[in-house]
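The values are calculated or read from the model by the stated rules, or taken from the named source; none is laboratory data. Since this is a predicted model, take the numbers as computed values, not measurements. Positions of Cβ are backbone-derived with ideal geometry, glycine not excepted, and every protein chain shown enters the neighbour counts. Side chains are part of the model used for accessible areas, which takes the heavy atoms of the whole protein and leaves out ligands, DNA and RNA. Shrake-Rupley method; radii C 1.70, N 1.55, O 1.52, S 1.80 Å.
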Amino acid sequence: MMSHQKIRFDHINQRIAQALNNISGECETSSGVKLLAVSKRHSVEKIRQYYALGQRDFGESYLQEALEKIHQTADLQINWHFIGPVQSNKTRDIACYFNWVHSVDRLKIARRLSDQRPAELPPLNICIQVNIDLEEQKSGFSAEQLRQQFASIIALPRLTIRGLMAIPKQQTEMAEQRKAFARLRALKDELNHHHKLHMDTLSMGMSGDLEAAIAEGASIVRIGTALFGEREG
Ligand SMILES: *Cc1c(COP(=O)(O)O)cnc(C)c1O
């Protein structure tokens, strides 16, 4: 569910400010888009600034850095999203400290997260990462692998499979950017139909392609640079 956000983004890049102001002004409609503030390699002070403006969802990619920030902001009600590559030896901490994981790219990782999700917490919200352009250097299921293994993933008891995530190949033309996002949307619709599910999330769109992602039905855009500036370190 999208929360009402009153943040204005007028201090940042005009084009992105426009797109973000549009979504943050929206009510809870079927076209509601949630902003995930990607705070990796940005300071806790910046997280607190956006929190004070009403932002509640923050995304991190590196576990050690994330755990320190989670500890340092224990006084806040942040929804933490893990969006980086998940190594098997990191699943226990991820299952304990995060509300969402967007980057589940193997059945083995899904099994471990389900097994290790603490009993006193609600099921872990999951997006399955799809390698939508079949790029060698990127992780994620191919559409074909996902079709084959999907039944095993949705059977895992301590996960709530919310939808799909992708990081498409970098393209400068909006028409080209949209094609990859449209394929991800079609795959979600197909899986929902085939398995009689109601997955509600397409985690797609970053600073460079958020308008295209929104045009193709993104429900969560993951924005770092356009919000916080260039990353530190
Ligand atoms: C870093 C990162 C982002 C944010 O990227 P920006 O280009 O800074 O907006 C989004 N998604 C993932 C998976 C990332 O690793």
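Once both labels are modelled 7 Å past Cα along the beta-carbon direction, what's the CYS96-ARG147 spacing in nm?
Label-label distance for CYS96 and ARG147, simple model: 4.0 nm.
Taking all protein chains as present, what is the carbon and sulfur share of the accessible area of the chain, in % to the nearest whole number, probe 1.4 Å?
Numbers: 5660 of 11380 Å².
The nonpolar share, carbon plus sulfur, comes to 50 percent.
If N is the number of residues in the range 47-152, what value comes out of its Cα radius of gyration divided by 2.2 N^0.38 Å?
Working: Rg = 14.8 Å, N = 106, 2.2 N^0.38 = 12.9 Å.
In units of the 2.2 N^0.38 Å rule of thumb, it is 1.14.
For the range 48-187: lysine pairs with Cα atoms under 24 Å, gap of 8 or more or different chains, count? Intermediate results must be reported in sequence, preceding the final value.
On the way: LYS69/LYS90; LYS90/LYS108; LYS90/LYS138; LYS108/LYS138; LYS138/LYS169; LYS138/LYS179; LYS169/LYS179.
Summing the qualifying lysine pairs gives 7.
Grab the Cα-Cα distance for ARG111 and ASP133, subtract it from 0.36 nm times how many residues apart they are, and report the gain in nm with one decimal.
Full extension of this stretch gives 5.4 nm more.
Which of the aspartates and glutamates could a cross-linker bridge to LYS40, judged by Cα under 18 Å and excluding same-chain residues fewer than eight apart?
ASP57, GLU60, GLU65, GLU68, ASP93, GLU230, GLU232
Using the basic label-point model (7 angstrom from Cα toward the beta carbon), what is the LEU121 to THR172 distance in nanometres?
About 4.2 nm separates the two model spin labels.
How high is the relative contact order of the range 141-209, in percent, counting Cα pairs under 8 Å that sit 6 or more residues apart?
For the range 141-209, the relative contact order is 39 percent.
Per 0.36 nm of contour for each residue apart, how much would the distance between THR160 and LEU76 grow if the chain were fully extended, relative to their Cα-Cα spacing?
27.8 nm
What ranking do 94-100, 70-76 get when scored by the average of other Cβ atoms within 10 Å per residue, highest first? Don't skip to the end; give the middle numbers.
On the way: 94-100: 19.9, 70-76: 12.4.
Ranking the peptides 94-100, 70-76 by packing returns 94-100, 70-76.
Can you tell me how much longer the chain between ARG56 and ASP200 gets when fully stretched, taken as 0.36 nm per residue apart minus their C-alpha distance, in nm with one decimal?
Taking 0.36 nm per residue and subtracting the Cα distance, the gain is 49.9 nm.
Probe of 1.4 angstrom, ligands and nucleic acids ignored: what's the accessible area per residue over the chain, in square angstrom?
Accessible area per residue: 49 Å².
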